[in-house]
1. Somewhere in the stretch 219-239, is a residue among the hydrophobic types (A, V, I, L, M, F, W, C), open to solvent by 70 Å² or more (accessible area, probe 1.4 Å) and either at pLDDT 95 or above or in contact with a strand residue (DSSP E or B) (Cβ under 7 Å, 6 or more places away or on another chain) (or both)?
2. Condition check: open to solvent by 40 Å² or more (accessible area, probe 1.4 Å) and in contact with a Phe, Trp or Tyr (Cβ under 6 Å, 6 or more places away or on another chain). Does R144 satisfy that?
3. Report every pair of residues separated by at least 6 positions or lying on different chains whose Cβ atoms are under 7 Å apart, first residue within the stretch 271-300 and among the charged types (D, E, K, R), second open to solvent by 70 Å² or more (accessible area, probe 1.4 Å) and outside any strand (DSSP E or B).
4. Taking the stretch 252-299 as the region of interest, how many residues are among the β-branched types (V, I, T) and either open to solvent by 70 Å² or more (accessible area, probe 1.4 Å) or touching a His at 6+ places or on another chain (Cβ under 6 Å) (or both)?
5. Which residues, counting only those in the stretch 109-126, are open to solvent by less than 40 Å² (accessible area, probe 1.4 Å) and part of a loop (DSSP other than H, G, I, E, B)?
6. What are the residues in the stretch 34-44 that are surrounded by 21 or more Cβ atoms within 10 Å (Cβ to Cβ) and hydroxyl-bearing (S, T, Y), if any?
7. Tell me which residues, restricted to the stretch 153-176, are closer than 17 Å to R273 by Cα and either surrounded by 18 or more Cβ atoms within 10 Å (Cβ to Cβ) or of a type in the set (A, V, I, L, M, F, W, C) (or both).
8. On the basis of being open to solvent by 40 Å² or more (accessible area, probe 1.4 Å), among the hydrophobic types (A, V, I, L, M, F, W, C), without any contact (Cβ under 8 Å) to a residue 60 or more places away in the chain and under 30 Å from N234 (Cβ atoms), does L150 make the cut?
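The values are calculated or read from the model by the stated rules, or taken from the named source; none is laboratory data. If you're wondering where the values come from, they're calculated on a predicted model, not measured in any experiment. Quick reminder, even Gly has a Cβ in these numbers, built from the backbone with ideal geometry, and neighbours come from all protein chains shown. Keep in mind that these areas ignore ligands, DNA and RNA; they rest on the heavy atoms of the full protein, side chains included. Shrake-Rupley method; radii C 1.70, N 1.55, O 1.52, S 1.80 Å.
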Amino acid sequence: MPAVSPEACAASIGFFDGVHAGHRFLIEQVRETAKTQGLRSAVITFPVHPRKVMNSYYKPDLLTTYEEKINLLAQTGIDYCFVLDFTSQISHLSAFEFMQTVLKDQFNARSLVIGHDHRFGYNRSESFDNYHHFGKVLGMNIIRAHACSLHEEVISSSVIRRLLLEGEVKKAADYLGYTYCLNGIVTGGYKVGRSIGYPTANLHMEDPEKLIPTDGVYAVWVEVENEKHAGMLNIGYRPTFNGQDRSIEVHIFNFSKDIYHTPLRLHFVEFVRSEMRFNNKQELVEQLDKDADTVQSILKIKK
């Protein structure tokens, strides 16, 4: 998607974390508006969460890395994706100033499709009615987008984060429109799994700001070296072995390659159980055998 548009456009603006089903519903409304009005379609987003610009200690718990977000936006069929560096100076613009100097003058937006609950401008103090009035002054058509709901709940990034933190990865996938993923590099682990028949690859997160779902055991697909394999994932502190650090470890079924220092991508399919403490290794192995049966059944692979 080009970095600069010489043409007038219908646009929407937001952080678009996750580029979930709600975002894609909004973008489809932008595309329809552009088509009706003979304009190009565009989204305007930010490389860094605006709240982090204002507070360097803020941890956004991202659903997508910047690269993942841009790739997902590219798949929506939108004509242009503008990436705006959100600065302290921009944060102090009123909604009218932002609409005039950024949306109209910089990006040539003739129509603005606003998410049903989206606010912008200094302190986010103005309402849709204000935006509509400012649009009339600036010659910009302002449209309030329809919300997208599923399971009688409006889809939003915050709702999806809550679901992931509750282990509801299957429901989160419905809201996202794809399975939630984590990327990382395989590093040396504790090597306990190898001694009990379940060797694991220990994942070092690619982006420390990306949200890690709640602790527990999951059925996952593991993407490594351009191939997908069935996997049983554990997130947690290894309480049976008095672990102190949170780890992300995946056992890949029917796999024996040395993949240390290799990029790996996890696709979350279903939550199996919460993390548990066992009295000894034997109890742990018995539970892992049960978990393996469950995971293989979920993924529909041969045991």
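1. To start, the set of residues in the stretch 219-239 that are among the hydrophobic types (A, V, I, L, M, F, W, C) comprises 219-222, 224, 230, 232-233, 235.
With open to solvent by 70 Å² or more (accessible area, probe 1.4 Å) added as a condition, the list becomes 221.
Remaining after also requiring either at pLDDT 95 or above or in contact with a strand residue (DSSP E or B) (Cβ under 7 Å, 6 or more places away or on another chain) (or both): 221.
Among the residues of the stretch 219-239, at least one is among the hydrophobic types (A, V, I, L, M, F, W, C), open to solvent by 70 Å² or more (accessible area, probe 1.4 Å) and either at pLDDT 95 or above or in contact with a strand residue (DSSP E or B) (Cβ under 7 Å, 6 or more places away or on another chain) (or both), which makes the answer yes.
2. Values: open to solvent by 40 Å² or more (accessible area, probe 1.4 Å): yes; in contact with a Phe, Trp or Tyr (Cβ under 6 Å, 6 or more places away or on another chain): yes.
Spelling it out, R144 is indeed open to solvent by 40 Å² or more (accessible area, probe 1.4 Å) and in contact with a Phe, Trp or Tyr (Cβ under 6 Å, 6 or more places away or on another chain).
3. Close Cβ pairs (under 7 Å, with a partner that is open to solvent by 70 Å² or more (accessible area, probe 1.4 Å) and outside any strand (DSSP E or B)) amount to D293/K303.
4. Quick first cut of the stretch 252-299, residues among the β-branched types (V, I, T) only: 252, 259, 262, 269, 272, 285, 294-295, 298.
From what is left, the residues that are either open to solvent by 70 Å² or more (accessible area, probe 1.4 Å) or touching a His at 6+ places or on another chain (Cβ under 6 Å) (or both) are 252.
Going through the stretch 252-299 one residue at a time, the tally reaches 1.
5. Within the stretch 109-126, the subset open to solvent by less than 40 Å² (accessible area, probe 1.4 Å) is 109, 111-115, 120-121, 126.
Once the filter is applied, which keeps residues that are open to solvent by less than 40 Å² (accessible area, probe 1.4 Å) and part of a loop (DSSP other than H, G, I, E, B), the stretch 109-126 yields G115, F120, G121, E126.
6. Correct list: S41 only.
7. Residues satisfying the conditions are L163, L164, L165, G167, E168, V169, K171, A172.
8. Values: open to solvent by 40 Å² or more (accessible area, probe 1.4 Å): yes; among the hydrophobic types (A, V, I, L, M, F, W, C): yes; without any contact (Cβ under 8 Å) to a residue 60 or more places away in the chain: no; under 30 Å from N234 (Cβ atoms): yes.
No: the conditions fail for L150.
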